[in-house]
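**Student:** Sending over a structure as structure tokens; questions will come in a sec.
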Amino acid sequence: YKRITTKTLVDMKKKGEKISMLTAYDFTMAKIVDSAGIDVILVGDSASNVMAGHETTLPITLDQMIYHAASVVRGIERSLVVVDLPFGSYQSDPKEALRSAIRIMKESGGHAVKLEGGKEVKESIKRILNAGIPVMGHLGLTPQSIYKFGTYTVRAKEEEEAEKLIEDAILLEKTGCFAVVLEKVPAKLAKEVAEKISIPVIGIGAGNGVDGQVLVTHDMLGMTHEFNPRFLRRYLDLYTDMKNAFSQYSTDVKSGDFPNDSEQY
Ligand code: KIV
Ligand code: NA
């Protein structure tokens, strides 16, 4: 695929091709992720944790999300760029949701928005879609509701919540979402959802029965090393590698080893 579109993703599901998705919040990272052939780049509100050091995703603002998204868009050639609508930018009413989505599309150049929730945000999703803006859903563990959940543990283990999740997934498809993220739910339930709906289901901590996977890039690179959920596969231990590089640099500066004769003018 030359350029990934929302339609590409739906076609990939039809053909049984898995979708790869990673987060990025800046130009340099986005350029590397894009050039590696990752299908979807998510400008996640996890930037609130990863970039800004907040404990939750709640504090990040729409302006800050737009800054991250615009930086990512300048780095990509092929990937589809999906931008999270941050907490507070869409929950109060559908008009505000649309205004926020329009700002993201206009000011960042992103290709789609993502928002958390099912039935509760249906009217907002409709409104955004009516303006021609593609919407990705997000169900299961929705971190913007962390104070309601009270914990980051796996969601929908009980029948009642599992049933609501299935209903919400069906509703998101019917409303017109092009894909949905399922976060931290039992693999069996996620597989059932992926079989029930024809739009791609992208999992994080949702097992292998879904249509694609997403991870937070800084986590899979091992840059964040305090965060150790079972679903996280670490491809590098960059925390250690970077720390060693920084300390070697410091040693070299202090010993006078850097710069040497060929590293100066
Ligand atoms: O913000 C984020 O990084 C996300 C993914 C974990 C799906 O929403
Ligand atoms: Na998010």
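Just so you know, all these numbers are worked out from the coordinates, no wet-lab data involved. Just so we're clear, the structure is a prediction, and the values are computed from it rather than from any experiment. Positions of Cβ are generated from backbone atoms using ideal geometry, with glycine treated the same way; all protein chains shown enter the neighbour counts.
**Student:** Helix 159-175 versus the longest principal axis of the chain: what is the Cα-based angle in degrees, 0 to 90, to the nearest 10?
**Tutor:** Once rounded, the angle reads 90 degrees.
**Student:** Scaled to the compact-protein estimate 2.2 N^0.38 Å, what is the alpha-carbon radius of gyration of region 159-265, rounded to two decimal places?
**Tutor:** The value comes to 1.72.
**Student:** So if I place +1 on the C-beta of Lys and Arg and -1 on the C-beta of Asp and Glu, and nothing else carries charge, what would the dipole magnitude of region 6-220 be about its Cα centre? I want it in debye, nearest 20.
**Tutor:** 520 debye
**Student:** If a/c stays under 1.5 just call it rounded; otherwise compare a/b with b/c (prolate if a/b is bigger, oblate if not). Do that for region 6-220, with a ≥ b ≥ c from the square roots of the Cα gyration tensor eigenvalues.
**Tutor:** The shape class here is rounded.
**Student:** Continuing with the same structure: So which lysines pass the test for LYS106, namely a Cα distance under 26 Å, with those fewer than 8 places away in the same chain ruled out?
**Tutor:** Qualifying lysines at Cα under 26 Å: LYS2, LYS7, LYS31, LYS95, LYS114, LYS122, LYS126.
**Student:** If you don't mind, there's one more thing I want to ask. Taking the beta-carbon count within 10 Å as an exposure proxy, list ASP45, ASP257, ASP219 from fewest neighbours to most.
**Tutor:** In order of increasing Cβ crowding within 10 Å: ASP257, ASP219, ASP45.
**Student:** A further question follows. Please work out whether region 31-112 counts as rounded, prolate or oblate from its C-alpha gyration tensor, where a ≥ b ≥ c are the square roots of the eigenvalues and a/c under 1.5 means rounded, while otherwise a/b larger than b/c means prolate and anything else oblate?
**Tutor:** It is oblate, given that a/c is not under 1.5 and a/b is not larger than b/c.
**Student:** Within 10 Å, count the other beta carbons around each residue, average over each peptide in 112-124, 243-255, 145-157, and list them highest first.
**Tutor:** 112-124, 145-157, 243-255
**Student:** Quick one: helix 62-73 against the long Cα principal axis of the chain, what's the angle to the nearest 10°, folded into 0 to 90?
**Tutor:** So the inclination is approximately 70 degrees.
**Student:** Under unit Cβ charges (Lys, Arg +1; Asp, Glu -1), what dipole magnitude, rounded to 20 debye, does region 96-203 have relative to its Cα centre?
**Tutor:** 380 debye
**Student:** Between helix 6-15 and the chain, what is the angle of the helix's C-alpha long axis to the longest principal axis, kept within 0 to 90° and rounded to the nearest 10?
**Tutor:** Tilt relative to the chain: about 80 degrees.
**Student:** In region 6-220, if the dipole is taken from +1 on Lys/Arg beta carbons and -1 on Asp/Glu beta carbons about the Cα centre, which of LEU62, ALA162, SER145 is farthest to the positive end?
**Tutor:** Of the candidates, LEU62 comes out farthest on the positive side.
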